[in-house]
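Okay, so here's the structure we're looking at.
The values are calculated or read from the model by the stated rules, or taken from the named source; none is laboratory data. Computed from a prediction, not measured in an experiment: that's the story for all the values here. All Cβ positions, glycine included, derive from the backbone under ideal geometry; neighbour counts span all protein chains shown. Note: areas computed on protein heavy atoms with side chains; ligands, DNA, RNA excluded. Shrake-Rupley method; radii C 1.70, N 1.55, O 1.52, S 1.80 Å.
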Number of protein chains: 2
Amino acid sequence: MPNPVLVEVTRGNLVESRHEGAVAVVDADGATVLALGDVAAPIFPRSAIKGIQALVLVESGGADRYGFGEEELALACASHSGEPAHVAGVERMLRTAGLESSALACGTHWPLHQPSALALARAGGAASALHNNCSGKHAGFLCAACAMRTAPGGYEEPGHPVQREVKAVLEDLGCAAIPDERVGIDGCSAPNWAMPLTGLARAFARFATGRGLAEQRAAAAQRLRAACAAKPWFVAGTGRFCTDIMGHFGARAFVKTGAEGVFCGALPELGYGIAIKCDDGQGRAAEAITAALIARLLPLDGGDKEFLARFVRPVVRNWKGTAIGRIRPAAEALAMS
Amino acid sequence: MPNPVLVEVTRGNLVESRHEGAVAVVDADGATVLALGDVAAPIFPRSAIKGIQALVLVESGGADRYGFGEEELALACASHSGEPAHVAGVERMLRTAGLESSALACGTHWPLHQPSALALARAGGAASALHNNCSGKHAGFLCAACAMRTAPGGYEEPGHPVQREVKAVLEDLGCAAIPDERVGIDGCSAPNWAMPLTGLARAFARFATGRGLAEQRAAAAQRLRAACAAKPWFVAGTGRFCTDIMGHFGARAFVKTGAEGVFCGALPELGYGIAIKCDDGQGRAAEAITAALIARLLPLDGGDKEFLARFVRPVVRNWKGTAIGRIRPAAEALAMS
């Protein structure tokens, strides 16, 4: 059975496109708060779990050893836009650990932030692995390897001690073993393990509350969330959804995008974790649903509601800036927000 | 009832994303050759009908008056990548008609072709309306207006004589009236009218064969198809699907992408028109289905089959070039190809 339509995209008087998907909101004990669609099928969380992957950097002692502050920790959790201060931050992380950018296995692409890409070209520069949106996560893996006193080479292989530890953390937070064969290779060459949305949502409920976690792990999660709340620009960048949402709500809402229509997040004051997968992989739908869930679940004042409205039902504009349609939640459970 | 899954996207051992949609293959008499999903619902064809929109340029006498050759006619049918020769061609079209780029109402964006965008920035240039992927179509509208001796200003308004004529041509080719309220504003500010996939496919069957069309209209369609077959690079650009497919098959396959997961095309030797809409708007799925339809319907030799395979089931690679998954047709009617 197909998943429900979560989001519609209109043009003129018609619905032009629609996005099906599944949504799970779960508390730290695994109780379901809201479930739409198939929340049991394993999905690749992609970059939406970078916050959890970064636990290994903190727990290994790497963050302390290299004196990382909020910016570096936020970068370890980031899918950044490759703006100059993102790149400088990742370079600083590597340099502190005595590493060069050639150690990064994430591959090269131009900055996602178009003005930064164009400025780089104008200045005669070239794209490097530092501009890759995952470079902060990879710098975190490398620094964790150094802190664990294991060779950093091959750190992106599923069998490397850093990745084995990442998998163990995911299993602990999600309260379920993950079969080894559920591995996929991410866009940045890191391993990514498929998990059900319920497991992901529970993992983020535990990440947000520390409930049921070892003390050191709970403290590491708290430190990473605080870093992202304090420096949300380093988690994404200018004009990006994750930055704007965490910039407004601070520690009240942790949200993180992943490729192929995934979003994970948490609402710590409620103890809820959130996991979303749009079946077709479109991020615009996952963003609208994330905003709709915040609007529905979190106690909001008038300013919060006004702020959220443009993310729940964004206006679509064309190249001349004319409003030509809207993105809007379609599932009844979300549209009521 | 949802449309069938047309395309799956795999990563590792799992299907990571899937795309539903509808497909119509129809002949010039309106007989259905193949139909999947809801082919009766009106959809916005977006840029997939640029070949039909360009009929007005030829029929108005504009193409002859300004001495347009194959490159200019292909540009009028194009969603080009903004590479230097695309831009120069559109500039030439406008200059010939005594117009400047300020007459273009399509809005401005940087070239879709990233190396061209970066080279433009390196050279100290800036994006202009000429770089907009629709600038050739808009130049065609403007030249048609001049040839029709009507004021070109406001040529992008649904009530302008050029757009009224475009709508009349669409109704003629699709053999059905289009209610005025089915209009949407396209990304380039031109009006776009929603039509059912069966009507679009029939329109392209008639565009490809001339069957049932007035002699002048059939000749204009033949001239535009020949231009696109001869100069497919001007219809899209370097590394683009439409360019590659028409570059290989020449006049045997006319294919044109539209935003939000639309593809239209024709296989003239079979007399078939094709129209595809992926419900979620993802172009990767519409491309794979277009290639799968060609593979299924067109008589092919070994070289054709080898050429098509990488478009029917493209390998997905990450930033390091590692193969991490595949895009593949899922509907039985297409997977058999």
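For region B:246-292, name all the residues that are out of contact with any helix residue (DSSP H, G or I) (no Cβ under 7 Å at 6 or more places or on another chain) and farther than 18 Å from B:VAL9 by Cβ. So that I can check it myself, show each step before the final result.
Filtering region B:246-292 down to residues out of contact with any helix residue (DSSP H, G or I) (no Cβ under 7 Å at 6 or more places or on another chain) leaves B:249, B:252, B:279-286, B:290.
Selection gives B:PHE249, B:ARG252.
Within region A:67-81, which residues are buried (at least 23 other Cβ atoms within 10 Å of the Cβ) and outside any loop (DSSP other than H, G, I, E, B)?
Once the filter is applied, which keeps residues that are buried (at least 23 other Cβ atoms within 10 Å of the Cβ) and outside any loop (DSSP other than H, G, I, E, B), region A:67-81 yields A:GLU72, A:LEU73, A:ALA74, A:LEU75, A:ALA76.
Which numbered condition in (1) crowded, with 19+ Cβ neighbours inside 10 Å; (2) in contact (Cβ under 8 Å) with a residue 24 or more places away in the chain; (3) assigned to a strand (DSSP E or B) is the only one that B:SER17 fails?
Only one criterion in (1) crowded, with 19+ Cβ neighbours inside 10 Å; (2) in contact (Cβ under 8 Å) with a residue 24 or more places away in the chain; (3) assigned to a strand (DSSP E or B) is unmet by B:SER17, namely (2).
Tally time: how many residues in region B:1-14 are open to solvent by 40 Å² or more (accessible area, probe 1.4 Å) and facing chain A (nearest Cβ under 7 Å)?
Let us first name the residues in region B:1-14 that are open to solvent by 40 Å² or more (accessible area, probe 1.4 Å), namely B:1-2, B:4-5, B:8, B:12-14.
Filter once more, so that each one left must be facing chain A (nearest Cβ under 7 Å): B:2, B:12-14.
So the answer is 4.
Consider A:ALA285 carefully, then state whether it is open to solvent by less than 30 Å² (accessible area, probe 1.4 Å) and closer than 13 Å to A:PHE249 by Cα.
no
Every residue in region A:239-266 that is in a loop (DSSP other than H, G, I, E, B), within 14 Å of chain B (Cβ to nearest Cβ) and of a type outside the set (D, E, K, R), please. Spell out the reasoning first.
Of all residues in region A:239-266, those in a loop (DSSP other than H, G, I, E, B) come to A:239-240, A:253, A:259-261.
Next cut, within 14 Å of chain B (Cβ to nearest Cβ) only: A:259-261.
Residues satisfying the conditions are A:ALA259, A:GLY261.
Give all pairs with beta carbons closer than 6 Å in which a residue from region A:62-90 that is on the phi > 0 side of the Ramachandran plot meets a residue that is surrounded by 24 or more Cβ atoms within 10 Å (Cβ to Cβ); count only pairs at least 6 apart in sequence or on separate chains.
From region A:62-90, the pairs are A:GLY82/A:PRO111; A:GLY82/A:HIS131.
Please state which one of A:VAL33, A:VAL26, A:VAL39 is out of contact with any His (no Cβ under 9 Å at 6 or more places or on another chain) and open to solvent by less than 10 Å² (accessible area, probe 1.4 Å). Spell out the reasoning first.
Values: A:VAL33 fails: open to solvent by less than 10 Å² (accessible area, probe 1.4 Å); A:VAL39 fails: open to solvent by less than 10 Å² (accessible area, probe 1.4 Å).
None of the others qualify; the one that does is A:VAL26.
What number of residues within region B:290-320 are within 14 Å of chain A (Cβ to nearest Cβ) and assigned to a helix (DSSP H, G or I)? Can you show your working first?
Narrowing region B:290-320 to residues within 14 Å of chain A (Cβ to nearest Cβ): B:315-320.
Keeping just the survivors that are assigned to a helix (DSSP H, G or I) gives none.
Here the count works out to 0.
What's the number of the only condition in (1) away from chain B (no Cβ under 14 Å); (2) modelled with pLDDT under 95 that A:ALA330 fails to meet?
(1)
Select, from B:SER128, B:SER135, the only residue that is farther than 25 Å from B:GLY265 by Cβ, of a type in the set (Ser, Thr, Tyr), within 23 Å of the chain's Cα centre (by Cα) and within 14 Å of chain A (Cβ to nearest Cβ).
On the way: B:SER135 fails: farther than 25 Å from B:GLY265 by Cβ.
When all the criteria are applied, what remains is B:SER128.
Looking at B:GLU269 and the list (1) assigned to a loop (DSSP other than H, G, I, E, B); (2) farther than 19 Å from B:GLY30 by Cα; (3) more than 14 Å from chain A (Cβ to nearest Cβ), which single condition is not satisfied?
In the conditions (1) assigned to a loop (DSSP other than H, G, I, E, B); (2) farther than 19 Å from B:GLY30 by Cα; (3) more than 14 Å from chain A (Cβ to nearest Cβ), B:GLU269 misses (2) alone.
Can you go through B:ALA190, B:ALA236, B:ALA203, B:ALA227 and tell me which one is within 12 Å of another protein chain (Cβ to nearest Cβ), closer than 23 Å to B:ASN133 by Cβ and in contact with an Asp or Glu (Cβ under 9 Å, 6 or more places away or on another chain)?
On the way: B:ALA236 fails: within 12 Å of another protein chain (Cβ to nearest Cβ); B:ALA203 fails: within 12 Å of another protein chain (Cβ to nearest Cβ); B:ALA227 fails: within 12 Å of another protein chain (Cβ to nearest Cβ).
Going through B:ALA190, B:ALA236, B:ALA203, B:ALA227 in turn, the sole match is B:ALA190.
In region B:136-163, which residues are of a type in the set (Val, Ile, Thr) and free of Cβ contacts under 8 Å to residues at least 24 places away in the same chain?
B:THR150 - this is the single residue of region B:136-163 that is of a type in the set (Val, Ile, Thr) and free of Cβ contacts under 8 Å to residues at least 24 places away in the same chain.
Tell me, which helices (runs of 4 or more DSSP H) wholly within region A:82-186 include 2 or more residues that are of a type in the set (Asp, Glu) and in contact with a helix residue (DSSP H, G or I) (Cβ under 6 Å, 6 or more places away or on another chain)? Full working, then the answer.
Numbers: elements: A:84-96, A:114-122, A:135-147, A:161-174.
Result: empty, no element qualifies.
Is region A:273-282 home to any residue that is open to solvent by 40 Å² or more (accessible area, probe 1.4 Å) and away from chain B (no Cβ under 14 Å)? Explain how you work it out, then say what you get.
Applying the first criterion (open to solvent by 40 Å² or more (accessible area, probe 1.4 Å)) to region A:273-282 yields none.
No, every residue in region A:273-282 fails to be open to solvent by 40 Å² or more (accessible area, probe 1.4 Å) and away from chain B (no Cβ under 14 Å).
Among the residues of region A:262-272, is there at least one that is of a type in the set (A, V, I, L, M, F, W, C) and open to solvent by 10 Å² or more (accessible area, probe 1.4 Å)? First the steps, then the outcome.
The initial filter retains those residues of region A:262-272 that are of a type in the set (A, V, I, L, M, F, W, C), namely A:262-264, A:266-267, A:270.
Those still in the list that are open to solvent by 10 Å² or more (accessible area, probe 1.4 Å) too: A:270.
Yes, region A:262-272 contains at least one residue that is of a type in the set (A, V, I, L, M, F, W, C) and open to solvent by 10 Å² or more (accessible area, probe 1.4 Å).
Could you identify the single residue in B:GLY98, B:GLY125, B:GLY107 that is of a type in the set (Gly, Ala, Ser) and closer than 25 Å to B:ASN192 by Cα? Please lay out each step first, then the result.
On the way: B:GLY98 fails: closer than 25 Å to B:ASN192 by Cα; B:GLY125 fails: closer than 25 Å to B:ASN192 by Cα.
Among B:GLY98, B:GLY125, B:GLY107, only B:GLY107 is of a type in the set (Gly, Ala, Ser) and closer than 25 Å to B:ASN192 by Cα.
Output the number of residues of region A:170-195 satisfying the condition of being within 24 Å of A:ALA266 (Cα to Cα) and under 19 Å from the mean Cα position of the chain (by Cα). Explain how you work it out, then say what you get.
Here is the first cut: in region A:170-195, the residues within 24 Å of A:ALA266 (Cα to Cα) are A:170-178, A:186, A:190-195.
With the extra rule that they be under 19 Å from the mean Cα position of the chain (by Cα), the set shrinks to A:170-174, A:186, A:190-195.
Of the residues in that region, 12 qualify.
Return the pair list, or none, for Cβ contacts closer than 8 Å from residues in region B:107-125 that are within 8 Å of chain A (Cβ to nearest Cβ) and open to solvent by 20 Å² or more (accessible area, probe 1.4 Å) to residues that are in a loop (DSSP other than H, G, I, E, B) and of a type outside the set (S, T, N, Q), at least 6 apart or on different chains.
Note: pairs meeting the criteria are B:THR108/A:TRP319; B:THR108/B:ALA127; B:TRP110/B:GLY82; B:TRP110/B:ALA127; B:GLN114/A:TRP110; B:ARG122/A:GLY124.
Based on what the data block shows, is B:ALA48 assigned to a helix (DSSP H, G or I) and either surrounded by fewer than 22 Cβ atoms within 10 Å (Cβ to Cβ) or touching a residue at least 24 places away in the same chain (Cβ under 8 Å) (or both)?
Values: assigned to a helix (DSSP H, G or I): yes; either surrounded by fewer than 22 Cβ atoms within 10 Å (Cβ to Cβ) or touching a residue at least 24 places away in the same chain (Cβ under 8 Å) (or both): yes.
Yes.
Collect the residues in region B:200-250 that are on the phi < 0 side of the Ramachandran plot, among the small types (Gly, Ala, Ser) and open to solvent by less than 10 Å² (accessible area, probe 1.4 Å), keeping them in residue-number order. Walk me through it before giving the result.
Restricting attention to region B:200-250, the residues satisfying the condition of being on the phi < 0 side of the Ramachandran plot are B:200-209, B:211, B:213-236, B:238, B:240-249.
Then drop every residue that is not among the small types (Gly, Ala, Ser), which leaves B:201, B:203, B:205, B:208, B:214, B:218-221, B:226-227, B:229-230, B:236, B:247.
Answer for region B:200-250, where residues must be on the phi < 0 side of the Ramachandran plot, among the small types (Gly, Ala, Ser) and open to solvent by less than 10 Å² (accessible area, probe 1.4 Å): B:ALA201, B:ALA203, B:ALA205, B:ALA208, B:ALA220, B:ALA221, B:ALA227, B:ALA236.
So in region B:126-176, with the set limited to residues that are basic (Lys, Arg) and open to solvent by 40 Å² or more (accessible area, probe 1.4 Å), which one is farthest from B:ALA208 (Cα to Cα)? Full working, then the answer.
We begin by selecting, within region B:126-176, every residue basic (Lys, Arg); these are B:137, B:149, B:164, B:167.
Those left that are additionally open to solvent by 40 Å² or more (accessible area, probe 1.4 Å): B:149, B:164.
Details: B:ARG149: 29, B:ARG164: 23 Å.
Restricting to residues being basic (Lys, Arg) and open to solvent by 40 Å² or more (accessible area, probe 1.4 Å), the top hit is B:ARG149.
Report, by residue number, each residue of region B:312-328 that is open to solvent by 30 Å² or more (accessible area, probe 1.4 Å) and in contact (Cβ under 8 Å) with a residue 60 or more places away in the chain.
Result: B:VAL316, B:ARG326, B:ARG328.
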